2 protein chains.
Amino acid sequence: MTNELTQQLDNLYRVIFSRRDVRSQFLPDLVPDDVLSRLLYAAHHAPSVGYMQPWNFLVIKSAEVKQRMHDAFMEANDEAKGMFEGERRELYSSLKLEGILESPVNICITCDRNRTGDTVLGRTHISDMDLYSTVCAVQNFWLAARAENIGVGWVSIVKQERLREALAIPEDIIPIAYLCVGYVSEFFDQPDLEKAGWLARLPLNDLVYYDQWGQQGGGEQSLAKQIEKDKDFPFDSTS
Amino acid sequence: MTNELTQQLDNLYRVIFSRRDVRSQFLPDLVPDDVLSRLLYAAHHAPSVGYMQPWNFLVIKSAEVKQRMHDAFMEANDEAKGMFEGERRELYSSLKLEGILESPVNICITCDRNRTGDTVLGRTHISDMDLYSTVCAVQNFWLAARAENIGVGWVSIVKQERLREALAIPEDIIPIAYLCVGYVSEFFDQPDLEKAGWLARLPLNDLVYYDQWGQQGGGEQSLAKQIEKDKDFPFDSTS
């Protein structure tokens with residue numbers, strides 16, 4: 001393998017393994033326009049079904065709009081607390097799950113399902129493909145942000161209609177992700193929910209099947225062995 | 001900016017901008033286990049709502065299973081052709097839209113919506129969050145593959161029930177992406193559909209709003225100007 005390729009791989013895997021869903025560590029420092037522009041270009045270069053590029057990007061800095069979103073989060077989060085019981089409810093209630101007001105900029109990424117007409121190449125048999133394309137844009141944005149040392153937190157505890165109201169998003173546009181974006185004091189070495197003991201990382205080999213659902217190992221044991229061997233592969237995330 | 005950070009950014013943006021949806025350029029060369037293992041770890045380290053890690057990975061090398069998938073594609077693609085008219089139909093029919101048989105390995109990434117019970121932290125108000133998490137795993141896989149100089153093509157022209165049959169996927173598991181994976185003769189400098197004149201890349205500034213849906217420029221003109229200035233930002237993809 002060439003040195004250049006090794007370098008490229010090290011960099012990419014470091015970004016992927018050290019990316020975090022940030023809630024508590026936002027700093028108030030402004031994100032410069034040239035950085036935001038690069039992040040948006042990264043999102044815009046996601047794959048899209050039939051090349052429809054169904055996304056829009058709402059860049060939110062208004063304190064009033066952020067406050068409306070925070071109110072919407074609080075309302076939904078109170079409902080959510082009631083859905084867990086006993087110790088889980090206590091643990092849930094102790095978690096910080098968003099950084100809407102502390103992060104200097106919020107970005108909402110939406111999907112316009114009608115952008116290129118009713119019939120879309122590649123969406124003819126799986127109708128959600130345009131939503132999936134928009135999620136690919138979210139993930140590009142997130143990884144580019146991590147490479148820029150910028151934290152991103154995805155806020156999903158909010159009712160869609162309250163989100164639409166806060167941002168004046170029309171009925172036929174699907175909000176996909178509401179992201180809190182900003183520099184951070186640190187990136188944790190583990191996901192927040194793993195650290196908090198909510199759930200543990202699953203062993204990758206348990207999730208991999210061969211040729212048919214549920215079929216493990218067998219003629220493909222060499223890959224299963226490699227996966228076991230690589231189990232400490234992810235880089236230390238402190239970069 | 002430090003040299004290390006600049007290098008990290010150059011690498012990541014190069015990967016993002018040169019990633020392609022590959023259909024025609026697959027080589028028969030085997031993808032080694034150590035590479036496949038890294039790609040699967042990259043996917044497994046995607047963000048997931050409530051840390052539920054709802055994904056499974058089916059690694060498909062069986063010629064028989066690939067043939068079944070190819071048959072399922074052909075059937076759906078014949079239907080799809082009939083949905084376009086005139087010149088569009090002709091253009092559609094001329095496009096190669098999958099590389100199922102030519103690529104040495106296919107990967108199906110699925111979503112198990114019941115993995116951690118009914119109530120999932122962060123999925124309480126937006127029920128599709130687990131599907132979106134799985135798409136993030138797809139995009140991690142795709143970008144890691146590009147960094148490894150491996151091409152990926154997402155086959156979406158297939159009926160879900162035929163895909164389930166071919167891979168014995170149970171009813172309660174949602175297939176999210178069927179990917180053709182392999183080394184390639186080249187990565188094109190533009191997406192196939194852009195090259196073929198199907199649709200053009202949209203100007204990013206047309207897609208960016210400020211604080212409210214539909215609101216452009218205004219107090220945020222500095223970002224709009226930066227985006228305009230950066231319009232040739234994406235790296236030349238030939239790396």
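What follows draws every value from the coordinates through simple rules; no lab data is involved. Please read these numbers as outputs of a predicted model, since none were measured by experiment. When we count neighbours, we look across all protein chains shown, and the Cβ atoms used for this are built from the backbone with ideal geometry, even at glycine.
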In sequence order, what are the phi-derived ³J(HN,Hα) couplings for segment A:171-187 according to the Karplus relation 6.51 cos²θ - 1.76 cosθ + 1.60 with θ = phi - 60°, rounded to whole Hz, with x for glycine and proline? 4, 8, 9, 9, x, 9, 9, 10, 10, 8, 9, x, 5, 10, 6, 6, 9
Over the alpha-carbon set of chain A, work out the extent along each principal axis and list the three values in angstrom, largest first. 57, 48, 41
State which entries of A:Lys81/A:Lys159; A:Lys159/B:Lys159; A:Lys61/B:Lys229; A:Lys96/A:Lys195; B:Lys195/B:Lys225; A:Lys229/B:Lys66 exceed 20 angstrom in Cα-Cα distance in the structure shown. A:Lys159/B:Lys159; A:Lys61/B:Lys229; B:Lys195/B:Lys225; A:Lys229/B:Lys66
If each label sits 7 angstrom from Cα along the C-beta direction, how far apart, in nm, is A:Gln7 from its counterparts in the other copies? 0.6
Over every pair of different alpha-carbon atoms in the protein assembly as shown, take the mean of 1/r and invert it; report that Kirkwood radius in Å. 22.7
Dipole magnitude of the protein assembly as shown, debye to nearest 20 (Cβ charges: Lys/Arg +1, Asp/Glu -1, about Cα centre): 80
DSSP-defined antiparallel bridges as percent of all bridges, chain B, nearest 5: 95
Going by average Cβ neighbours within 10 Å, how do the peptides B:69-78, A:28-37, B:143-152 rank, with the highest at the top? B:143-152, B:69-78, A:28-37
Is any helix in chain A, taking whole DSSP H runs, at least 18 angstrom long along its axis by alpha carbon and on average at least -0.5 on the Kyte-Doolittle scale, and which ones? A:3-18, A:129-147
Once you charge only the Cβ atoms, +1 for Lys and Arg and -1 for Asp and Glu, what is the size of the charge dipole of segment A:32-73 about its Cα centre, to the nearest 20 debye? 60
Once Rh for segment A:74-214 is found with the Kirkwood sum over Cα pairs, what is the Stokes-Einstein diffusion coefficient at 37 °C and 0.692 mPa s, in µm²/s? 181
Shortest-first distances to equivalent copies, position A:Pro170, nm, label 7 Å out along Cβ: 4.2
So what is the calculated 222 nm ellipticity per residue for chain A, using -39500 (n - 2.57) for each DSSP H run with n of 4 or more, over all residues, to the nearest 500 deg cm²/dmol? -12500 deg cm²/dmol
Can you give the mean number of other chain Cβ atoms that lie within 10 Å of the Cβ atoms in peptide B:225-231? 4
Sorted from shortest, what are the nm distances separating the label point of B:Ser94 from equivalent points in the other copies, each placed 7 Å from Cα along Cα to C-beta? 6.5
Given unit charges at Cβ for Lys, Arg (+) and Asp, Glu (-), the dipole magnitude of chain A about its Cα centre in debye, nearest 20, is 100
Inter-centroid distance (Cα atoms) of segment B:1-31 relative to segment B:150-186, Å: 22
Could you rank the peptides A:199-206, A:155-162 by their average count of other C-beta atoms within 10 Å per residue, with the highest value first? A:155-162, A:199-206
Return the long-range amide H neighbours of A:Gly151 (sequence gap of 5 or more, or a different chain), with a cut-off of under 5 Å between placed amide H atoms. A:Gly182, A:Tyr183, A:Val184
Computed over all unlike Cα pairs, the Kirkwood hydrodynamic radius of segment B:148-239 in Å stands at 17.6
Lys and Arg at +1, Asp and Glu at -1: add these up for the other residues within a Cβ distance under 12 Å of A:Lys81 and post the number. -3
Rounded to 5, percent antiparallel among DSSP beta bridges of the protein assembly as shown: 85
